[in-house]
Each structure stands twice: as structure tokens, then as C-alpha cells.
Amino acid sequence: MRSSGLVTRILAAIGALALVAAAAALIAGLAILGRGLSAREQPSALEELVARAARRLSTPRRVRALTNPVRLTPEARHGAMEHWADHCATCHANNGSGDTPIGKNLYPRAPDMRLAQTQNLTDGELYAIIENGIRLTGMPAWGTGEVSNEESWALVHFIRQLPKLTPAELDQMQQMNPRSPHEMDEEEQENEFLQGNEPPRGARHPSRR
């Protein structure tokens, strides 16, 4: 009897996934027919609902139930902050808002991770998203797929901290963000100017930035 009940639950889960996949395919097809393949469009509310349901159903229950094994120490938090500023902020912004040139132009848009739609996910769900990414979005898979990646678990802690970041911490993160060669060159010229050295000929004066 017990094995029969297990088989029934498995079949029910497969059926639910199949229905969600069929609904997602139908919605995607209608969207393409109606609006083309432009990434400028916002996903419809129904599209978002189906996508979230598919993501949840595709995450094994044992993974959703995982709790964060990494202790939230000051060292772990600072390391996760550095990682976020260097790797994640390009799309998600330092504060998790998604308000960046890339984040605002993805399809779907990078979410505001300070809000309930992200904060209400379990530790295991957040970990799975970081490790495995999400298909048909701009979210890549950053991990190995194992359940013991401490760096990813530390990021789960940091995501929980996003709504609480202080202005001082955001300023600190700005110094950790990747810089282009042009930005580094401008900073070097500005430092030379502040030290009393004339900037190279043709360089933009710092006061005119």
C-alpha cells in the first residue's frame, strides 16, 4: 500500500509538471505570435505565475527543505558582500533592486530581491537558483550542483540581508564593483590631478566629469 501511494504521488507530480510545461509553452507561443521575440516587453502576470510554479515544481522537495549550513559570521557576511559586489551587482545592483542597465533590459527583468517574492523563498530554493540557474532567463548556473558549496550558502545569507543594507555598506560595495579600463584610467588621472600633477594632454579634466 505504501509503495502504491508513493507511485501515485510521483505520477501526480509528473502530471502537474506536464500541465505547467504545456501551459508555459502555450503562453510563450501566444506571446511570440502577439509580440514577437523582443526583450523590451514585460512578461505578463500569467507568464510570471506559470514560470514561478514551474521553478518551484522543478526544485526537489528535499532541496527546498534544506537549511543554511553556513553560520552567519561577520567574516562570512563580508566575503559574501564582496562576492555579490564583484559578481552579482552587474545585473542585480548592489542593493538587490535589479536597477542596472543589464538588469532592466533582461527578459524577464532582474527581480527586486528585497521584496517578498524573493525573500519568501526557502534557503534551499535560493541555493538551488544560485547553483543551477534558471532556464530561459538571464540567470546562469554559478555552482557545481552539489549541496555543500559554502560560497553559495553564504550568498543565501547575504540575499536575506539585502533589505537591511546601510548607506555606508552600499558605499563600501561601490568600491568593490568591477571597473572598466576606462574607469580605472579616469581614476588614475583624477588622483594625479589631486596630487598637483597636470593630467596628460587630451585627458578630461576631473572637474568636468
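The values are calculated or read from the model by the stated rules, or taken from the named source; none is laboratory data. Since we're looking at a predicted model, the values are computed, not measured. Cβ placement follows ideal geometry from the backbone for every residue including glycine, while neighbour counts extend to all protein chains displayed.
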If LEU106 satisfies every condition in (1) more than 18 Å from THR166 (Cβ to Cβ); (2) of a type in the set (A, V, I, L, M); (3) surrounded by fewer than 20 Cβ atoms within 10 Å (Cβ to Cβ); (4) at pLDDT 95 or above but one, which is the exception?
-> (4)
Considering only residues of segment 146-187 that are among the basic types (Lys, Arg) and under 18 Å from the mean Cα position of the chain (by Cα), which is nearest to ALA80 (Cα to Cα)?
-> ARG160
Only one of (1) touching a residue at least 60 places away in the same chain (Cβ under 8 Å); (2) more than 30 Å from GLU41 (Cα to Cα); (3) assigned to a helix (DSSP H, G or I) fails for ASP171. Which number is that?
-> (1)
Which residue out of PRO101, PRO69, PRO74, PRO43 is modelled with pLDDT of 90 or more, surrounded by fewer than 18 Cβ atoms within 10 Å (Cβ to Cβ) and more than 19 Å from GLN161 (Cβ to Cβ)?
-> PRO101
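For segment 73-102, give me the residue count where each residue is free of Cβ contacts under 8 Å to residues at least 40 places away in the same chain and assigned to a helix (DSSP H, G or I). Give the derivation first.
Applying the first criterion (free of Cβ contacts under 8 Å to residues at least 40 places away in the same chain) to segment 73-102 yields 73-75, 78, 92-93, 97-102.
Keeping just the survivors that are assigned to a helix (DSSP H, G or I) gives 74-75, 78, 92.
Number of matching residues: 4.
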May I ask you to list the residues in segment 50-66 that are buried (at least 17 other Cβ atoms within 10 Å of the Cβ) and not aliphatic (A, V, I, L, M)?
-> ARG55, THR59
Is there a residue in segment 176-194 that is modelled with pLDDT of 90 or more and in contact with a Gly (Cβ under 9 Å, 6 or more places away or on another chain)?
-> no
Please work out which one of (1) in contact (Cβ under 8 Å) with a residue 60 or more places away in the chain; (2) under 11 Å from the mean Cα position of the chain (by Cα) is the condition ASN105 fails and give its number.
-> (2)
Looking at (1) outside any helix (DSSP H, G or I); (2) closer than 17 Å to VAL70 by Cα, can you tell me which one TRP153 breaks?
-> (1)
Return yes or no: is GLU125 in a helix (DSSP H, G or I), farther than 15 Å from VAL156 by Cβ and not aromatic (Phe, Trp, Tyr)?
-> no
